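One structure is given here, and the rest of the page talks about it.
Read-outs throughout are calculated quantities, based only on the coordinates presented, and are distinct from any laboratory measurement. All values reported here derive from a predicted model rather than from experimental measurement. Positions of Cβ are generated from backbone atoms using ideal geometry, with glycine treated the same way; all protein chains shown enter the neighbour counts.
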Amino acid sequence: MNLPEPLAQISWLSVLVFSPLAAAAVAAVLRSERAVRWWTLAATLAVAAASVPVALGFDPTTPAFQFVEDRPWIPFLGARYTLGVDGLSLVLVLLTTGILPLCVLASWRYITTRVREFMLGLLVMETAMVGVFCALDFVLFFLFWEAMLVPMALLIGVWGGPRRVYAALKFFIYTMAGSVFLLVAIVALYLMTGTFDLRALMGRGYPLAVQVWVFLAFFVSFAIKVPMVPFHTWLPAAHVEAPTAGSVILASVLLKMGTYGFLRLSLPITPDATRLLAPYLTWLSVAALVYGGLTALAQSDLKKLVAYSSVGHMGFATLGIFTLTRAGLEGAVLQMINHGITTGALFICVGLLYERLHTRELGAAAGVGKHVPVFAGFFGVFVLSSMAFPGTNSFIGEFLALAGAFEASRPVALAAVPGVVLAAAYLLRMLQKVAYGSPHNPDHAGVTDLTLREGLTLAPLLGLVFWIGLHPAPLVRLFAASVQHLLEQTLGPAAVPPAAGP
């Protein structure tokens, strides 16, 4: 639908990108911690509300970038301030703006020291994350890509667990190393083309050797961010030591920057190299599925279990991407959204348990569900969603990713099936332990059920689990045209059948 003329004149993407930064400036001068909490909650809710006109005014029938803002920025470099969204970036912007208010609510009682600085970190992170998904200039993209590094490292290093400094440094070093490869690719493309405009860099027909080297540079940077095996070793430490909001942001948004990078940059800029190397990357994705499942099955720490499950579940996203099929790509985008919803919810649930039990050990939480039935109900649904139970959001994403894998290579698809079985094994084990335990459970009689604030934190995620699971068509419609166009850019228009009608 078209927005009314007064609303259409507003630079909505600039509002989404920079209003959290403006809110952070206000939060820095507020006097009380209570005022900072409420102000941050109000600001993140306002940003979420500001994303609604973008979604309503977006035309899903075209793959073109919309709400484009293009202004001079650094003339001597040729860099411009260019923002825009297509279907792929829009859904990730909506995920980001929707998840941040829940991060604030999840931290309401969890964070008791340096509250102002913590909330400032969340707001700065929001600006950086939304900026990455909206930037259409490579310099601007890289600036936002790097801007999220410092506040995320601080969230882990200042408010994290006992090994927080180690985890923060590991996250920082890995991410910075990946950024070096991304910067090399950006400079190489600029020297060849003389432009930083992402749209102009797509479909240029670079020589295959150039494409391979650029693709490999992209791959290292994005594989670290996903993270793909064997670049994943920073993730468990970061998740385990991060505060609840940090783990939610990592799982829900930051990991998606890697898969978004593959979709936005690798496929359309280096299509020949993508087709050449995609079979190897599908097998690497299968390795992530199986490795993540086996490692999660061996964990007794709830946070480590959910962290290693992310390695496996993001394997479905990369598997779908590199099948280079419509079903696979649509499944990958859905899996990116669904993983952000479900795994973010599981990390919130683990944080709520930790606040009550002061431990994340699975044995210590055994049987707690008998005393907190409301919590157990929420937790059970999110576990089933993570397991891709039919009727929940993750089912349709994993189903499409596997359908794309069967279309591209049956051996790859069959090799991915054990990952599905392993996910069921470790998730049902966790649910059984927490909900029922054993005949000799610890005494949880004094554990309280969810408060109103905690219920309000989890309720939107619960609603999304069933809405996407039972009626995914409106969400898929947002990015279907962009997926079709991406396939045409990667495989060539002649190799891609026309999209089916709505």
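Farthest toward the positive end of the dipole of the stretch 277-502, out of H358, G331, P498, is the Cα of H358, where the dipole comes from beta carbon charges about the Cα centre.
If R0 is 41 Å, the Cβ-Cβ spacing of A177 and W38 corresponds to a FRET efficiency of close to 0.60. The C-alpha atoms of the chain define a longest principal axis, and helix 138-147 lies at about 20 degrees to it. Tell me whether the stretch 59-171 comes out rounded, prolate or oblate; compute the Cα gyration tensor, take square roots of the eigenvalues as a ≥ b ≥ c, and use a/c under 1.5 as the rounded threshold. Here the stretch 59-171 falls in the prolate category.
Peptide packing: for 177-187, 468-478, the average count of neighbouring Cβ atoms within 10 Å per residue gives the ranking 177-187, 468-478, highest mean first. Along the positive direction of the dipole of the stretch 168-274 (beta-carbon charges: Lys, Arg +1; Asp, Glu -1; about the Cα centre), which of T195, M228, A242 reaches farthest? Result: T195, furthest along the dipole toward the positive end.
Stretched out fully, how many nm does the piece from V374 to T62 gain, at 0.36 nm a residue minus the Cα gap?
Numbers: separation 312, 0.36 × 312 = 112.32 nm, distance 4.32 nm.
The span from V374 to T62 would gain 108.0 nm if fully extended.
Relative to the dominant Cα principal axis of the chain, helix 271-297 is inclined by about 0°. Take every pair of alpha-carbon atoms less than 8 Å apart whose residues are at least six positions apart; their mean separation over the length of the stretch 277-502 yields a relative contact order of 26 percent.
What is the extension gain from A49 to R114, computed as 0.36 nm multiplied by their sequence separation minus the C-alpha to C-alpha distance, in nm to one decimal? Could you put the intermediate results ahead of the total?
On the way: separation 65, 0.36 × 65 = 23.40 nm, distance 2.76 nm.
Working it through step by step, the gained length comes to 20.6 nm.
When you count the other C-beta atoms within 10 angstrom of each residue and take the mean per peptide, 33-42, 57-66 line up highest first as 33-42, 57-66. Highest mean packing first, where packing is the average number of other Cβ atoms within 10 Å per residue, the peptides 136-147, 305-316, 259-270 line up as 305-316, 259-270, 136-147. Taking a sphere under 12 Å around the Cβ of W234 and counting the other residues whose Cβ falls inside, with K and R at +1 and D and E at -1, yields a net charge of +1.
Each label was represented as a point 7 Å from its Cα along the Cα-to-Cβ direction; for R204 and A298 these points are 4.5 nm apart. The sum of -39500 (n - 2.57) across all DSSP H runs of n ≥ 4, divided by the residue count of the chain, sets its helix-only mean residue ellipticity at 222 nm to -23500 deg cm²/dmol. How would you classify the stretch 243-285 from its alpha-carbon gyration tensor, with a ≥ b ≥ c the square roots of the eigenvalues: rounded for a/c under 1.5, else prolate if a/b is greater than b/c, otherwise oblate? In terms of gyration-tensor shape, oblate.
Checking [x] 74, 49, 46; [y] 66, 58, 44; [z] 91, 66, 48 against Cα extents along the principal axes in Å calculated from these atoms, the matching label is [y].
Using Cα pairs closer than 8 Å and at least 6 residues apart in sequence, work out the relative contact order for the chain, in percent.
Reported as a whole number, the value is 15 percent.
Its Cα centre serving as origin, the chain has a Cβ charge dipole (Lys and Arg +1, Asp and Glu -1) of approximately 840 debye. Helix 149-159 against the longest principal axis of the chain: what's the angle in degrees, Cα atoms only, rounded to the nearest 10? Computed tilt is about 10 degrees. Only lysine pairs 8 or more places apart or on separate chains count here, and in the chain those with Cα atoms under 24 Å apart total 14.
If R₀ is 30 angstrom, what is the calculated FRET efficiency for the pair L357 and F466, using the beta carbon separation as r and rounding to 0.05? The formula returns an efficiency of 0.60 here. Is the stretch 277-502 rounded, prolate or oblate when judged by the Cα gyration tensor, a ≥ b ≥ c being the square roots of its eigenvalues, rounded requiring a/c under 1.5 and prolate requiring a/b larger than b/c? Since a/c reaches 1.5 and a/b is larger than b/c, the shape of the stretch 277-502 is classed as prolate.
Subtracting the Cα-Cα distance from 0.36 nm times the residue separation, let me have the gained length for R163 to V421 in nm, one decimal. Can you show the working numbers first?
Details: separation 258, 0.36 × 258 = 92.88 nm, distance 3.24 nm.
Length gained, R163 through V421: 89.6 nm.
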